[in-house]
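The structure under discussion appears below in the form of structure tokens.
Taken together, the values in this text are just the output of simple stated rules run on the coordinates, not laboratory data. On a predicted model such as this, the values are computed, not experimentally measured, just so you know. Note that we place each Cβ from the backbone using ideal geometry, even for glycine, and neighbour counts take in every protein chain shown.
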């Protein structure tokens with residue numbers, strides 16, 4: 001349905017694009033895409049761009065297909081996964097697609113009783129707070145998520161030369177949901193286990209690490225061209241605690257994926273003080289939220305890594321001249337990195353005007 005040979009739309013400095021971009025999936029090698037080249041810190045024809053949550057509530061076409069369809073149901077229907085994954089690429093001509101799913105899907109697939117409640121997030125029916133609960137976490141198998149494999153294979157055929165990013169939640173963030181029973185502001189119970197019951201904590205992290213590795217590997221084996229590990233809540237951890245309680249598991253994940261020879265992206269929120277440790281964990285690309293300028297992030301992460309980011313998502317709610325000014329600053333600072341993939345510092349906000357993202361995509365490509 002789309003590919004890498006995407007004609008560019010009207011200049012971002014002018015009016016809005018009046019129609020979706022056409023694409024031609026034939027004859028383009030995804031390995032030579034600007035996105036994958038930037039991940040490998042190779043020269044690129046333009047700065048590649050994609051957006052976290054580029055498929056989501058900001059798109060009217062997404063709201064139309066998701067009407068009355070629960071999130072976890074949508075994540076288990078291959079045709080719906082394909083359609084939603086494709087929507088932002090049709091509309092924006094971004095340089096990569098990201099597989100439509102949720103970080104709790106593998107937990108649901110192995111039997112954890114959970115649901116995603118609108119306006120709340122993942123809610124766990126029986127939080128895991130003891131050894132018996134940890135013992136219920138078994139390895140994930142391809143047969144647990146056949147819809148993932150089917151959808152990725154279909155997407156690779158439709159995408160042509162545009163890379164597909166697979167993803168998973170990192171063990172710390174998954175552990176927090178499982179322990180707290182849902183989203184948490186302070187992660188009180190999570191930290192109580194980490195500090196007060198370290199043996200139980202490590203047992204839980206060990207089980208989750210195996211699940212994450214299995215889930216990421218099956219996505220690449222189905223055809224994903226890159227992987228992103230989301231650690232949404234790890235910014236709650238101090239650097240010394242990250243090194244002791246989290247880093248061994250993220251490092252193990254990236255090491256277990258090394259033989260797949262696909263770029264690995266590591267992203268967390270509120271991780272300004274952890275960027276050096278994220279750089280140590282083994283990913284090829286470190287995602288940076290909006291709190292740290294990319295030139296400073298390049299220093300903190302250290303050499304040998306590309307960076308991804310990092311426009312504040314809220315800036316897209318401002319007039320486009322503000323968006324353009326801030327985006328050009330991100331691009332200038334990103335030039336200090338060995339490789340740069342333009343993205344937001346977190347996901348697209350639901351109230352974002354899609355035309356802002358369309359014009360921003362053009363601006364980045366033309367820059």
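Here are a few things to note about the model shown:
- Sites residue 63 and residue 355, calculated FRET efficiency, Cβ-Cβ separation with R0 22 Å, nearest 0.05: 0.85
- Inter-part distance where the range 54-133 and the range 241-306 are each reduced to a Cα centre, Å: 24 Å
- Relative contact order (%) - the range 287-367, alpha-carbon pairs under 8 angstrom, separation at least six: 38 percent
- The range 211-367, relative contact order [Cα under 8 Å, separation at least 6], %: 19 percent
- Cβ-Cβ FRET estimate between residue 199 and residue 259, R0 fixed at 30 Å, reported to 0.05: 0.45
- Computed per residue of the chain from DSSP H runs no shorter than four, each worth -39500 (n - 2.57), the mean residue ellipticity at 222 nm is -12500 deg cm²/dmol.
- Taking a ≥ b ≥ c as the square roots of the Cα gyration tensor eigenvalues, the chain comes out prolate, since a/c reaches at least 1.5 and a/b is larger than b/c.
- Each label point was placed 7 Å from the Cα along the Cα-to-Cβ direction; for residue 321 and residue 188 their separation is 4.8 nm.
- Neighbour-count order for 191, 117, 185, fewest beta carbons within 10 angstrom listed first: 185, 117, 191
- A crude spin-label estimate for the pair residue 73 and residue 126, with each label 7 Å from Cα along the Cβ direction, gives 2.6 nm.
- For the options 101, 58, 184, a Gaussian network treatment of the chain with springs between C-alpha atoms closer than 10 Å singles out 184 as fluctuating the most.
- Shape category assigned to the range 166-314 from the gyration tensor of Cα positions, a/c cut at 1.5: oblate
- Put the Cα centre of the range 136-167 next to the Cα centre of the range 307-367 and the gap is 28 Å.
- Relative contact order for the chain, counting Cα pairs under 8 Å that sit 6 or more residues apart, in percent: 22 percent
- Anisotropy class of the range 19-167 from Cα gyration tensor, a/c 1.5 cut: prolate
- Antiparallel bridges, percent of DSSP beta bridges restricted to the range 30-366 (to nearest 5): 15 percent
- Candidates 106, 293, 43, ranked by Gaussian network fluctuation over the chain, Cα under 10 Å, top entry: 43
- GNM top mover of 143, 68, 115 - the chain, alpha-carbon springs below 10 Å: 68
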